[in-house]
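For reference, the structure is listed below as structure tokens.
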Number of protein chains: 2
Amino acid sequence: MAKRNTKPASGTRDFLPAALLRRRAAIRRLEEVFEQHGFLPLETPAFERLETLEGLYGEEGDKLIFKILRRGDISEQDADNLADLALRYDLTVPAARAVAQAGLQHNFRRYQIGPVWRAERAAAGRFREFWQCDVDLYGVGSPAGEIETLLALHAGLQALEVGDYTIYINARPLLVALCDAFAIDSADRKLVLIVLDKLDKIGFEKTAEELKTRATQEAQNAKPIIELATRLTPDFREQVLALEEVAESDSVQLLQEIQSCLTRGVQDLPAVVLDPLLARGLDYYTGFIFEIRAEGGKDAIAGGGRYDDLMKAVSGVASQVCGGSLGLERILALDEAELPNTKQSDNKQGLQQTQQQTLHITLFDETLRAQTYQLSQELRGLGLAVFTESGGKLATQLKRADEAEHRWCVFYGSDEAQSRSLTLKDLANGEEHKIALDNLEAVKKLVRGT
Amino acid sequence: MAKRNTKPASGTRDFLPAALLRRRAAIRRLEEVFEQHGFLPLETPAFERLETLEGLYGEEGDKLIFKILRRGDISEQDADNLADLALRYDLTVPAARAVAQAGLQHNFRRYQIGPVWRAERAAAGRFREFWQCDVDLYGVGSPAGEIETLLALHAGLQALEVGDYTIYINARPLLVALCDAFAIDSADRKLVLIVLDKLDKIGFEKTAEELKTRATQEAQNAKPIIELATRLTPDFREQVLALEEVAESDSVQLLQEIQSCLTRGVQDLPAVVLDPLLARGLDYYTGFIFEIRAEGGKDAIAGGGRYDDLMKAVSGVASQVCGGSLGLERILALDEAELPNTKQSDNKQGLQQTQQQTLHITLFDETLRAQTYQLSQELRGLGLAVFTESGGKLATQLKRADEAEHRWCVFYGSDEAQSRSLTLKDLANGEEHKIALDNLEAVKKLVRGT
């Protein structure tokens, strides 16, 4: 049989033990921190009815939804009716559905850490399956929802030992005020927001260019957008804050109150910067929005905001909601060039601690198999981690112990069987210890180093 | 806006906090047990290339694979080429692919706990998204692979406090020997196995009936199958073991060795029964197969076997592999009528412990907001779980504390601000404690009961 393609599907990754244990440790730290902040866990299915998701993420987002083919005979289906289910695109929309279904929309704080799927073009550091770590406060107005969201995410970043980062805050109404100040048609606002959202990635010059091009091609009224574009220089943020429409908005007061509460509540506060040009790609935000960016990183490592209308769109029942999400991949990538690895050698990294205390029980010969298992079980009964050899040459067995980085080898041959003992070898220094079978606690003491 | 459907998609479930925390505790116990048995964790993506999965689960299995629609313009695609990806149907095949890709197929023991997806008709207790808990030994022959698989799964069931259960073992070659003894055409073997697999669920009579009907309709040679069917009575198992073809098979020796090692190695051993009529639905098993059934339960709570040829089918490179899987839903269902719940009242169950130690910080008035957050952060800094109120009437805030089952309420009003203290109320008995802000450790002592 020919060698088959064993790579994971494009944009997805296999996690081998070392990488997985690092991820798991990070996730458990986040769970603890979020629970400490009063959030409870909730999980929703991997897929939703397609109708639950479509139309909520904006045009670009909708295109990236993975759709699931209907089962059974589909030859009679229209081309646009081939799918009935879809993989979740984020955790936010399914959670809103689940919270509404459970009747919790008026008083509930949930966290959720799990994979989401987007049909992005796969590229270095961009995945089609990636993890989001969400916190959301349902039924909580301003500024409490905003502050608690930022406090929890900040604590999460601290727990993951992320170094320097900055919290950028804004509010959708300020972007509307900016558009109003430039007399931009309300029909053209979305276009402006979509392009402004790229500012941090592509810079002022390219953003201005794209604004002009798209205004000319797509806008109801291109002139005011082009006017805005010509003003896009690094000091434009200050100018925006000075605009009457912006300065007098209630949202500015809200953002200042958030800044003030954070400053007083958090000792090791990172910079909290009001950025009136911060836009967020997703359509569903209605008020406050934020992004957290690490020093020197172009991509946000966290983001979110208030989305009071989403609950109504999803469930028909309105509710105040604010929340945000940490991007696990981007955070873990900060101190590792690339997390996933598929080479056997890498499998070893980071496992030392786990494997240091694992007993590698060799199998001397077939006639001792049952007794060897009996011994293994007794050692497991003491709480020790035990890897029992399958057999073969002793040299091969020792090679496997070495590969697996197991520090402690147990020999139980006919000599040992006769003297009712075992030999424990410390592969770190070659020392051998003879231990009586009725004193297995001595094995535990040696392995645990106590 | 009309009320929209907020139920999860058919066959899937939302997990609210109480149910989720119970599941999570079970999963963590399994992780510990599997690691103690020398297995390391591995995770694969939710979806695979369709070609990786198709053709490995048998005809019935293939029909239940959820397929993902190609992205972009699909109007030009043939009807049978609309999907390129598929949700994983089990953990076994993707893990085999990942292990081959990592070059670990000759010496690796992995566990994996995660959801799989099958387009089953949804019914009570049968889900389209459900969790499997796998252990597999790659590059490990008989009987080591068989014994370690059963030891790990047995330990897992013990850790989950599953009561009485029985381990049924068999080997595919014995089923072949049975067919040979009845001179059943090799082309008809699959048909016989598929029907025999239903024996435990539908009983001898119905199995015999179905065998006869399908033999008449589908078999190359119906007569020997009908002959077999007429012999299907409760004492048929004994008769099969006495057949020369069966009794002389190497597989009987293997099964006896497994029984013997388990009997000697495990103190609290459940019954290990050689059932020569045990078949397993999946096509990929080549040798040993097993199922574990709880007392009184019809469905297996665990199952697996040896599948030496699968690695070759998946990767083109052969390897010895044995493993098995616990069905989390069926195990958790043993002591709970139904796990998932979507009623708010149920959300409370099982949360008491978590919520008993959560501080509910009320917000007396808006002017104290920043100071209240400051206080919350200091209490969190001591390691306490803190839920900070968003505001509103104090009565509403207390109602929320009650709903959330938070035992400890903190009041910080203008009196407290002036005297630099807080009031801690134990909602369990109504007692109030006045505590100075420079002595917050006293709060921790009260809450922790130390």
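The values are calculated or read from the model by the stated rules, or taken from the named source; none is laboratory data. In this text, all values refer to a predicted model and were calculated from it rather than measured experimentally. Cβ coordinates were reconstructed from backbone atoms using ideal geometry, including for glycine residues, and neighbour counts include every protein chain displayed.
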Note to self: Within region A:392-409, take every residue that is closer than 17 Å to A:Glu366 by Cα and part of a loop (DSSP other than H, G, I, E, B) and give me the one that is farthest from the other protein chains (Cβ to nearest Cβ).
What the structure shows: A:Lys393
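Quick check: anything in region B:299-312 in a loop (DSSP other than H, G, I, E, B), among the charged types (D, E, K, R), within 14 Å of another protein chain (Cβ to nearest Cβ) and in contact (Cβ under 8 Å) with a residue 12 or more places away in the chain?
yes
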Next item on the list: Filter region A:410-450 for residues that are polar (S, T, N, Q) and in a loop (DSSP other than H, G, I, E, B) and give the result.
Entry: A:Asn429, A:Thr450
Notebook entry, point to check: Can you spot a residue in region B:384-391 that is within 7 Å of chain A (Cβ to nearest Cβ), touching a strand residue (DSSP E or B) at 6+ places or on another chain (Cβ under 9 Å) and of a type in the set (S, T, N, Q)?
Noted result: yes
Next item on the list: Give region B:270-311 a look and list any residue that's surrounded by fewer than 21 Cβ atoms within 10 Å (Cβ to Cβ), over 15 Å from B:Tyr57 (Cα atoms) and in contact with an Asp or Glu (Cβ under 6 Å, 6 or more places away or on another chain), or say none.
Entry: B:Glu295
Checklist line | Check on B:Phe15, in contact with a Gly (Cβ under 8 Å, 6 or more places away or on another chain) and in contact (Cβ under 8 Å) with a residue 40 or more places away in the chain | finding: no
Next item on the list: Consider only pairs whose beta carbons are under 8 Å apart and that are at least six residues apart or on different chains; among these, list those whose first residue lies in region A:33-58 and is more than 9 Å from chain B (Cβ to nearest Cβ) and whose second residue is buried (at least 21 other Cβ atoms within 10 Å of the Cβ) and among the aromatic types (Phe, Trp, Tyr).
Entry: A:Phe34/A:Tyr111; A:Leu53/A:Tyr89; A:Leu56/A:Tyr284; A:Tyr57/A:Tyr89; A:Tyr57/A:Tyr284
Next item on the list: Answer yes or no as to whether A:Ser142 is part of a loop (DSSP other than H, G, I, E, B), at the interface with chain B (Cβ under 10 Å from one of its Cβ atoms) and surrounded by fewer than 16 Cβ atoms within 10 Å (Cβ to Cβ).
Entry: no
Checklist line | Failed criterion for B:Gln256 (all others in (1) over 33 Å from the mean Cα position of the chain (by Cα); (2) loosely packed, with under 15 Cβ neighbours inside 10 Å; (3) in a helix (DSSP H, G or I) hold) | finding: (1)
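Every residue, every condition in (1) within 23 Å of the chain's Cα centre (by Cα); (2) modelled with pLDDT under 95; (3) under 21 Å from A:His37 (Cα atoms), yes or no:
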position	(1), (2), (3)
A:Ala144	no, yes, yes
A:Leu150	yes, no, yes
A:Leu153	yes, no, yes
A:Glu161	yes, yes, yes
A:Leu175	no, yes, no
A:Asp180	no, yes, no
A:Asp188	no, yes, no
Item checked: Any chance A:Ala102 is out of contact with any Pro (no Cβ under 9 Å at 6 or more places or on another chain), farther than 21 Å from A:Arg128 by Cβ and more than 10 Å from chain B (Cβ to nearest Cβ) -> no
Notebook entry, point to check: For region A:189-243, which residues satisfy the criterion of being in contact with a helix residue (DSSP H, G or I) (Cβ under 6 Å, 6 or more places away or on another chain), more than 26 Å from A:Glu295 (Cβ to Cβ) and not in a helix (DSSP H, G or I)?
Noted result: A:Ala219, A:Gln220, A:Leu243
Item checked: Matching option when the condition is assigned to a loop (DSSP other than H, G, I, E, B), surrounded by 18 or more Cβ atoms within 10 Å (Cβ to Cβ) and within 10 Å of chain A (Cβ to nearest Cβ), among B:Leu359, B:Leu379, B:Leu375, B:Leu363 -> B:Leu363
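From the list A:Arg280, A:Arg264, exactly one residue is in a helix (DSSP H, G or I) and at pLDDT below 90. Which is it?
None of the other options fit; the residue is A:Arg264.
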Next item on the list: For region A:153-171, name all the residues that are touching a helix residue (DSSP H, G or I) at 6+ places or on another chain (Cβ under 6 Å) and part of a helix (DSSP H, G or I).
Entry: A:Ala155, A:Gly156, A:Ala159
Next item on the list: Using the structure shown, decide if B:Arg126 is surrounded by fewer than 24 Cβ atoms within 10 Å (Cβ to Cβ) and either at pLDDT below 95 or in contact with a helix residue (DSSP H, G or I) (Cβ under 7 Å, 6 or more places away or on another chain) (or both).
Entry: yes
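If only one of B:Lys7, B:Lys63 is within 9 Å of chain A (Cβ to nearest Cβ), among the basic types (Lys, Arg), touching a helix residue (DSSP H, G or I) at 6+ places or on another chain (Cβ under 7 Å) and within 30 Å of A:Gly72 (Cα to Cα), which one is it?
B:Lys7
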Item checked: Residues located in region B:68-99, provided they are crowded, with 24+ Cβ neighbours inside 10 Å and at the interface with chain A (Cβ under 7 Å from one of its Cβ atoms) -> B:Ile68, B:Leu85, B:Arg97, B:Ala98
Item checked: Counted residues, region B:122-139 - those being within 10 Å of another protein chain (Cβ to nearest Cβ) and either small (Gly, Ala, Ser) or free of Cβ contacts under 8 Å to residues at least 12 places away in the same chain (or both) -> 1
